[in-house]
Every structure is written in C-alpha cells, then in structure tokens.
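Structure record follows, encoded as structure tokens.
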Amino acid sequence: MTVLVTGATGLLGRRVVQRLLDTGQEVRVMVHRPGRENLLATPPADVCYGDVSDPNALTEACRDISEVIHLVAVIRGGRRQFDAINRQGTANVVAAAKAAGSVRRFVHVSAVGAANTPHLQYLHSKWQGEQAVVAGGLPYVIIRPSLIFGPGDEFTTAVAALVRLTPVTPVIGSGSNRLQPIHVDDVARCVAAAAGGNIRGSLTLAIGGPERLSYNRIVSIVAREMGRKRLRVNVPIWAVRPGIAALDLLTPRPPINRAMLQLITLRNVAEPDSVARVFGFQPRPLAGNIGHINDITFGEALRANLGLAPRR
C-alpha cells in the first residue's frame, strides 16, 4: 500500500518523502500545482495536484492509500488563514482519509503548545486541527515538534540574518524562555517511523532536541557558529509591537509577524527523552548542526530583515 504525504514540498515534507523512499515505501505526494514536485530530491512517480480546501482533490489523493502523513500548515497570515488551513484543511484531509476506507493510520504534525487558547491564534488553530484528527475515528499519531531547525528553516535563518547585519542583536522580551530546537531530519525520521506502524494505538507526542535552551543562549550559539561576537539587547514586546504590525501589513514576508510575536516568549519544550523513548534514537543538538547559516549573504540578510521575499 501507499503513503500519502500532504505538504510534501515544504521544509519538513521534502525530508519525510525522501526518508520514506529510502526505506522502500511507496509514496504519493500531493502538491499545489504541476512542477512543484521538482523541488523534491527524488520526485516519486505518484503525484497528485490540489490543496486541502478541495474535497474532490483530497478524495482522489486518498484513493487506495494505507497511511496519511498530513504536514500542511501555515504560521504566516491571520486568524482567517489559520482557520482555513490549520483547522478546516486538516478536517478536510481527515474526512477524505476516513471515506477512502483503506487508511490504517493518520499521522499529523502539530506544534508544541497547541491548546484551546483562542487568544493565541496559531496554537489554537493547531489544537483545533488535532481535535479533527482525534474525532476522525482513524488510528492516529499526532506529533508536536518544538522549534524545527535545519537548512531552509525560518528561525535560525532569521537569527543569523540579524547577526550578519548588525553588531548588536535585538532579542524581544527577556530571552529567558526555554526552547528545545530539533533538527528537521530528526523530525522527519520520527514522522516516517510513526507511519511505519511501529506505534500501536493512538498517541499524541511532543518531541524536541536534546537540550532546553534559552532564546538568549540560542542567539549566542548562532553568533559563535558564524564566527562573530555580538552584544544582545533585550527589547520589550510593547516597544516592537507597532513596527511588527506595520511590517506585517506592508511587506510580503516579515521576519516576524503578529502571530509569531504572540509565541516568542512562550516556553516551548517537550520531555527530554521523548524521541529516544518512542523512536529509539537521540536527536542532534543545535550547536554543530547549523552550518547552513554561514551561507546567508549580506544581501539575503538585508532582504530578510526588510520583510522581502527571498530570491528564488
């Protein structure tokens, strides 16, 4: 039988697809439009087109599928987009998987901190998506990663862009909140394993890397890996809120938007042994595994901090 991967061309999706192919799985990928599958290192032969708002496309995508890995989500946008993609889009995929009659397991990637907290719009929408999975009646694995890092990520890239441009790196808030960065390849390994049938029953699991690091510490690690010494200055949230709101409205891809600002001072951690206990391996640390940040040019850093879309 075949595994369906939605969001196959994203940061995580590309790694999940490759890992499934490397382990001999038959894979069907769902992408927005023809040609997007070329972003995959090894495009599978089975490709379908559409999005999570199209029930007819989802019906075709789920035909003769044994497992579904659902990765589509947005963190940029506002309440309407979060609701349309993170909640309703997930519910649409669940409904199509259930109707197919062949799906044995539904793997859904959510986020650490997903909860019934309407004032935190992104995390609330992720929680609502989880509820659709739980209510769907299929055996499921819901994986809640902490902060994902790796080549092409948004987080370490944004920090590195600040370090590249300025001798003083601003940190919003106190910077003491704890994060547990986990490498995208390690998340992909967990996701692929969850679809492999090694987990019995249904499970919701938060995962993170081997270290709980403060935001201040992460900035220091990024600067050190780039061979730069940088002073940090902590900026109160109230002081940056107007500027971030303006960037959100005026630029196509602000380095931080209003939804991200809501999350930036939250504790974002999992149990330290969650990956080893369930998946049997130790995830890699942040330090020593972010060499990609040294590829960021001054021009790319400038574009990122001006809220301009990266050059393709």
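The values are calculated or read from the model by the stated rules, or taken from the named source; none is laboratory data. Because the structure is a prediction, the values reported are computed rather than measured. Cβ: placed from backbone, ideal geometry, glycine included. Neighbour counts: every protein chain shown.
Summary of computed values
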| read-out | value |
| --- | --- |
| Number of positions in region 1-35 that are within 17 Å of the chain's Cα centre (by Cα) and assigned to a loop (DSSP other than H, G, I, E, B) | 4 |
| Qualifying residue in region 174-190 (condition: touching a Gly at 6+ places or on another chain (Cβ under 6 Å) and over 30 Å from Val103 (Cα atoms)) | yes |
| Residue list for region 109-124, restricted to those being within 14 Å of the chain's Cα centre (by Cα) and over 19 Å from Val141 (Cβ atoms) | Tyr122, Leu123 |
| Criterion: within 30 Å of Val5 (Cβ to Cβ) and surrounded by 17 or more Cβ atoms within 10 Å (Cβ to Cβ) - qualifying residue of Glu271, Glu225, Glu211 | Glu211 |
| Filter result for Arg267 (basic (Lys, Arg), out of contact with any helix residue (DSSP H, G or I) (no Cβ under 7 Å at 6 or more places or on another chain) and closer than 25 Å to Ala73 by Cα) | yes |
| Unique match (being within 17 Å of Gly280 (Cβ to Cβ), of a type in the set (Gly, Ala, Ser) and not assigned by TED's automatic domain parsing to the domain that holds Thr9) among Ala239, Ala195 | Ala195 |
| Selection from region 243-281 of residues that are at pLDDT 90 or above and hydrophobic (A, V, I, L, M, F, W, C) | Val269, Ala270, Val275, Ala276, Val278, Phe279, Phe281 |
| Residues of region 201-215 classified as closer than 19 Å to Asp153 by Cβ and either of a type in the set (Phe, Trp, Tyr) or more than 21 Å from the chain's Cα centre (by Cα) (or both), total | 1 |
| Failed criterion for Ala57 (all others in (1) more than 26 Å from Thr23 (Cα to Cα); (2) in contact (Cβ under 8 Å) with a residue 24 or more places away in the chain; (3) part of a loop (DSSP other than H, G, I, E, B) hold) | (3) |
| Some residue of region 36-48 being over 20 Å from Gly150 (Cβ atoms), assigned to a helix (DSSP H, G or I) and touching a helix residue (DSSP H, G or I) at 6+ places or on another chain (Cβ under 9 Å) | no |
| Failed criterion for Ile85 (all others in (1) of a type in the set (A, V, I, L, M); (2) surrounded by fewer than 23 Cβ atoms within 10 Å (Cβ to Cβ); (3) in a loop (DSSP other than H, G, I, E, B) hold) | (3) |
| Pairs with Cβ under 7 Å, 6+ apart, first in region 2-15 and aromatic (Phe, Trp, Tyr), second buried (at least 23 other Cβ atoms within 10 Å of the Cβ) | none |
| Ala259 being part of a loop (DSSP other than H, G, I, E, B) and within 18 Å of Leu123 (Cβ to Cβ) | no |
| So Ala132, is it assigned to a helix (DSSP H, G or I), on the phi < 0 side of the Ramachandran plot and buried (at least 17 other Cβ atoms within 10 Å of the Cβ) | yes |
